[in-house]
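Next up is a structure, given as structure tokens.
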Amino acid sequence: MTQLALITGASRGLGFALAEALSPAWHVMAVGRTVGALEELDDRIKAKGGSATLAPLDITDAGAMAHMCRSIHDRWGGLGLWLHTAVHAAPLTPTAHLDPKDWEKSRKTNVDAVAVLIPYVAPLLGTAGRAVFFDDPRGGEKFFGHYGATKAAQTALARSWQAETGKTGPRVDIVQPRPMSTATRARFYPGEDRATLIPAPDEARAILDALDLA
């Protein structure tokens with residue numbers, strides 16, 4: 001039976017690439033806010049002989065996440081894998097000029113949503129499943145106040161969970177991807193030569209190979 005992989009943040013970038021690369025060995029539950037991008041992902045997965053369930057949801061909606069996880073339990077009984085790539089990349093700005101709205105959105109997406117999702121997803125993974133988070137250590141760098149602080153908090157949550165489940169499961173991995181030619185990076189480094197960056201599909205395959213999930 002094909003195992004189920006939940007990917008939060010599957011509508012673009014690394015999440016999109018990971019979802020495509022996992023199929024057809026896994027049935028992909030693809031969560032993202034952009035319907036058109038999820039439909040494109042579904043087409044690509046089907047072209048490879050795989051299958052996906054599309055969930056056009058906002059991970060900051062705790063009620064929607066609770067309903068989604070309940071639906072996963074009722075339909076499949078559990079999860080084999082959770083890959084969390086969703087992130088909000090607020091504009092770079094001096095710390096003394098942090099925007100309250102950008103801070104709130106960064107906190108809700110990068111920290112609060114993960115604090116809600118881990119307790120919801122953990123029972124679905126049981127002791128044999130795996131969760132993978134993606135670090136991007138920008139905390140303390142100039143102009144990265146919104147993103148750096150909230151991304152660091154997200155990684156801290158993941159590391160705590162990792163330490164707590166080392167002997168009991170589920171397995172929690174924290175990966176630091178190499179610089180990729182994604183829209184998120186382009187927002188931070190608009191003048192960067194993208195030819196020097198790794199395409200997200202190539203990095204997705206490398207990550208899955210390193211985690212023995214390919």
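Name the residues in the range 136-166 that are among the β-branched types (V, I, T) and outside any loop (DSSP other than H, G, I, E, B), would you?
Selection gives T150, T155.
Hey, among the residues in the range 90-101 that are without any contact (Cβ under 8 Å) to a residue 60 or more places away in the chain and part of a loop (DSSP other than H, G, I, E, B), which one's surrounded by the most Cβ atoms within 10 Å (Cβ to Cβ)?
It comes out as A90.
Another question about this same structure. Where in the range 1-79 are there helices (runs of 4 or more DSSP H), lying wholly inside it, with at least 1 residues that are surrounded by 15 or more Cβ atoms within 10 Å (Cβ to Cβ), of a type outside the set (K, R) and over 17 Å from the mean Cα position of the chain (by Cα)?
By residue number, 35-47, 62-76.
Taking the range 166-176, which residues are more than 22 Å from L22 (Cβ to Cβ) and open to solvent by less than 70 Å² (accessible area, probe 1.4 Å)?
The one that is more than 22 Å from L22 (Cβ to Cβ) and open to solvent by less than 70 Å² (accessible area, probe 1.4 Å): G166.
Cβ-Cβ under 9 Å, sequence separation 6+ or interchain: first residue in the range 4-31 and over 12 Å from I45 (Cβ atoms), partner part of a strand (DSSP E or B) and among the hydroxyl-bearing types (S, T, Y). Which pairs?
L4/T53; G15/T8; V31/T8
So, in the range 177-214, of the ones that are closer than 19 Å to W26 by Cα and among the acidic types (D, E), which residue ends up surrounded by the most Cβ atoms within 10 Å (Cβ to Cβ)?
Among them, the one singled out is E203.
Would you say V121 is closer than 20 Å to W82 by Cβ, crowded, with 18+ Cβ neighbours inside 10 Å, in contact (Cβ under 8 Å) with a residue 60 or more places away in the chain and within 15 Å of the chain's Cα centre (by Cα)?
yes
Which ones in the range 187-214 are under 15 Å from F16 (Cα atoms) and among the acidic types (D, E)?
Within the range 187-214, D202, E203 meet the criteria.
Scan (1) over 26 Å from A210 (Cβ atoms); (2) among the aliphatic types (A, V, I, L, M); (3) assigned to a loop (DSSP other than H, G, I, E, B) for the single condition V87 breaks and write down its number.
With respect to (1) over 26 Å from A210 (Cβ atoms); (2) among the aliphatic types (A, V, I, L, M); (3) assigned to a loop (DSSP other than H, G, I, E, B), V87 is out only on (1).
Farther than 21 Å from G15 by Cα, at pLDDT 95 or above and surrounded by 13 or more Cβ atoms within 10 Å (Cβ to Cβ), is that true of G145?
For G145, the condition - farther than 21 Å from G15 by Cα, at pLDDT 95 or above and surrounded by 13 or more Cβ atoms within 10 Å (Cβ to Cβ) - is met.
The values are calculated or read from the model by the stated rules, or taken from the named source; none is laboratory data. All of these numbers come straight from a predicted model, not from anything done at the bench. Ideal geometry is used to build each Cβ from the backbone, glycine not excepted, and the neighbour counts take in all protein chains shown. These accessible areas exclude ligands, DNA and RNA; they are computed on the full protein's heavy atoms, side chains included. Shrake-Rupley method; radii C 1.70, N 1.55, O 1.52, S 1.80 Å.
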